[in-house]
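I have placed the structure first, in the form of C-alpha cells, so that the comments after it can refer back to it.
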Amino acid sequence: MTYRWWQKGIVYQIYPRSFQDSNGDGVGDLPGIVRRLDYLQSLNINAIWLSPIYPSPMHDFGYDVADYTGIHPLFGTLADFDRLLAEAHRRGLKVILDLVPNHTSDEHPWFIQSRASRNNPKRDWYIWRDPAPGGGPPNNWMSYFGGSAWAFDETTGQYYLHLFDVHQPDLNYRNPAVREAMFNVMRFWLDRGVDGFRVDVITLMMKDPLFRDEPLNPDWDGIDPAYKLKHIYTSNLPEVHDIIRQMRAVIDEYDDRVMIGETYLPNEELMQFYGPNLNECHLPFNFQLITLDWDAQTVRRAVDEYEALLPPGAWPNWVLGNHDKHRVATRIGPAQARVANMLLLTLRGTPTVYYGEEIGMEDVPIPLEMMHDPPALNQPDQAHIIGRDPERTPMQWDSSPNAGFTPEGVQPWLPVAADYTRRNVAVQEQDPTSMLSLFRTLTVLRRAEPSLSVGAYAPVDTPAADVFAYTRTAPHADRFLVVLNFGRGSHTLDFSHVASRGSIAVSTGMHRTGPVDLSRLTLGPDEGLVIRMG
C-alpha cells in the first residue's frame, strides 16, 4: 500500500507571531521562519502549519481576516511567503495554511459592503436579523468570547451574528456566492503551491435557519460562560457536511494536498467528518490527548474506541497541544510530557506538534495588563483560566536576551519564559538527555521504521493500572512494543506473551538501551520505553 505524506509524516504548528522575529519589531514573521527552516528540517517533521498570516486588524490575532489573499505587513509580503514556500519545499517540507471560513473581520470589504445598507448586494453574505419583538438580540446565542453572539448595527437597525469577537462577523454559507468566494480563496493559495489547509472551526459554518434559542447545558462547569448553553443550533449541523464536501472537491482539483478540520467533538461525531466516502476532511483533528484526564486507562480507552470507530480506509491523527490550550508540560508536568511525546510519536496516525513542545516549553504567567487575548480581556475575572496568551509566548532559541526570539532591547509582544536560559534549543542540543534529544531520537526512529509510521496498533493488557502498553507492527518490518508509565511508581511486568525477547530502542530517560528480558521488564517512574521485539 502506498501512503501519502500527510499519513507518514509529522505536522508542526507554528504560531508566526511567536516563532522568530527577523526585523526587530518584537513580533515573529515569515523571514524569521525561513531562518529557522534548517532547524525544522532537523526535527524530522514533514509539514509546517502556519496560524493565520493574512491582513487583519488583529482583534483575534489573525483569525479576523480582512483580506484572504494577502499577507499582513507584520509578517512580511507575498514575496516573503513565496520564498518561504520555495525554501520549505527545497528541504522537503510541506506548508499548510490556516483557512478561516466561518467569519471575517468587520474590516473585510465584504462586510463593509454588507453593513452599508439592507439592499446592498452583499447584505446576505453575512447573517443579519431584526431585533427580538421586545427589543434586544434576536435570540440567546452566545459568543465563545463572552456575551451575546449578536451585535447591533445602528446604520441598518439590525443585528449581525458573531460567534467569536464582535469584530468577527459570521459569513452566511446558505448563500452560494459566499461558498464560491471561499473556494476561490482556496484556489488562490493552492495555485501558489500551498500543500493544504487546516480549516478553523469547520463545524460552525452552518447555523439553524429558524434561529431557535439554544438550551441550557446541564453539565456547565460554571467557568466559561460560552458553554452555559448547548450549541445544538450553531455547531455541527448536518448541512455543514455539504460545504465540507465542496471544499474537499476543490482540494481534490490539485495533486497530493490535504484538508485538516478543527473538530472538538466526541468520537462518534468526529468520524462523520471523514465523509461517507472519505470525501470530507482527510484528517478531522482528534484532540483527545489535550482534553482527556491524563490517566493510563482513560487514554487507552480513548485510543481503542477511536481506532474501533474509524471508517474503513480513514487515517487517524493525534494532537498534543495547540495555540488554544495550555501546554502539555503545564498540564501534566515535565516528566510526563516526555511520556506524552513518546505516546504522540508512536501511536498510529499523523501526529501534530505545537512549536516549543519539542523542548518542553511551559505556559508563561501573563499579568492582566499584558494580556492580548480577547476572551481574557472580555472576561477579566476568568482571564487566568480562559486566556490563551500563556501558551503563545516566544519560542526559546538560546540563552541570549529575549531567548534569541527578538534582539536585545526590543520588547517582545508577549514576555519570554523566566526559564529560557535553561530551557532552549541551543542548550538542549548539547544535552543528550534533553527533551529535544528525546524528540529527535523518536522522530528518527519513526521515520526509519514502517511499523511506527504506518503500522498496525494493538493494545496490550498489563496488571498495572497506570501503565499503557501497545504494539506497532507492519509486514516485513521490525515490530515494536511501547510501554508507558503514567504514574510515579516502579513496575516489573511480564510481556513474554508478546515476544520472547526485546531490545530498548528509546527510553524517555535516555539512559537505557540494549537487550531486556520481556518476562521481567522493569519500568521506572514516569518512564516510557520503545522496545524492538525479537
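The values are calculated or read from the model by the stated rules, or taken from the named source; none is laboratory data. Bear in mind that the values here come from a model prediction, so they are computed numbers and not experimental data. Ideal geometry is used to build each Cβ from the backbone, glycine not excepted, and the neighbour counts take in all protein chains shown.
A few points about this structure:
- Within the stretch 35-58, considering residues that are crowded, with 19+ Cβ neighbours inside 10 Å and over 19 Å from the mean Cα position of the chain (by Cα), the one farthest from G193 (Cα to Cα): S56
- Those strands (runs of 3 or more DSSP E) lying entirely in the stretch 398-493 with at least 1 residues surrounded by fewer than 19 Cβ atoms within 10 Å (Cβ to Cβ) and touching a residue at least 60 places away in the same chain (Cβ under 8 Å): 456-460
- Taking the conditions (1) assigned to a strand (DSSP E or B); (2) of a type in the set (A, V, I, L, M, F, W, C); (3) free of Cβ contacts under 8 Å to residues at least 60 places away in the same chain in turn, F197 satisfies each one other than (3).
- Among residues of the stretch 145-199 being small (G, A, S), surrounded by fewer than 21 Cβ atoms within 10 Å (Cβ to Cβ) and out of contact with any helix residue (DSSP H, G or I) (no Cβ under 8 Å at 6 or more places or on another chain), the one that is farthest from G261 (Cα to Cα) is G157.
- Some residue of the stretch 92-113 being exposed (fewer than 14 other Cβ atoms within 10 Å of the Cβ) and over 30 Å from Q13 (Cβ atoms): no
- A search for C-beta distances below 6 Å between a residue of the stretch 369-396 that is not assigned by TED's automatic domain parsing to the domain that holds Y144 and surrounded by fewer than 19 Cβ atoms within 10 Å (Cβ to Cβ) and any residue that is assigned to a loop (DSSP other than H, G, I, E, B) and small (G, A, S), counting only pairs 6+ apart in sequence or on different chains, returns N378/G146.
- Single condition S453 does not satisfy, out of (1) farther than 30 Å from Q297 by Cα; (2) small (G, A, S); (3) under 21 Å from the mean Cα position of the chain (by Cα): (1)
- Restricted to the stretch 321-384, the set of helices (runs of 4 or more DSSP H) holding at least 3 residues that are in contact with a Gly (Cβ under 8 Å, 6 or more places away or on another chain) and within 30 Å of E449 (Cβ to Cβ) comprises 334-346.
- Here the stretch 275-301 is the region considered, the condition is being touching a residue at least 24 places away in the same chain (Cβ under 8 Å) and among the β-branched types (V, I, T), and the residue that is farthest from V258 (Cα to Cα) is V299.
- Looking across the stretch 297-319 at every residue that is touching a strand residue (DSSP E or B) at 6+ places or on another chain (Cβ under 7 Å) and within 30 Å of G387 (Cβ to Cβ), the one that is surrounded by the fewest Cβ atoms within 10 Å (Cβ to Cβ) is identified as V299.
- Failed item in (1) out of contact with any Ser or Thr (no Cβ under 8 Å at 6 or more places or on another chain); (2) without any contact (Cβ under 8 Å) to a residue 40 or more places away in the chain; (3) within 30 Å of L377 (Cβ to Cβ), with N236 passing the rest: (1)
- The set of residues from the stretch 253-274 being in contact (Cβ under 8 Å) with a residue 12 or more places away in the chain and farther than 22 Å from Y306 by Cα comprises E253, Y254, D256, R257.
- Any hit, the stretch 2-25, residues being over 18 Å from P73 (Cα atoms), without any contact (Cβ under 8 Å) to a residue 12 or more places away in the chain, of a type outside the set (D, E, K, R) and out of contact with any His (no Cβ under 6 Å at 6 or more places or on another chain): yes
- For the stretch 168-183, a residue qualifies if it is closer than 13 Å to M206 by Cα, out of contact with any Leu (no Cβ under 8 Å at 6 or more places or on another chain) and not polar (S, T, N, Q), and the qualifying residues are L171, Y173, R174, P176, R179.
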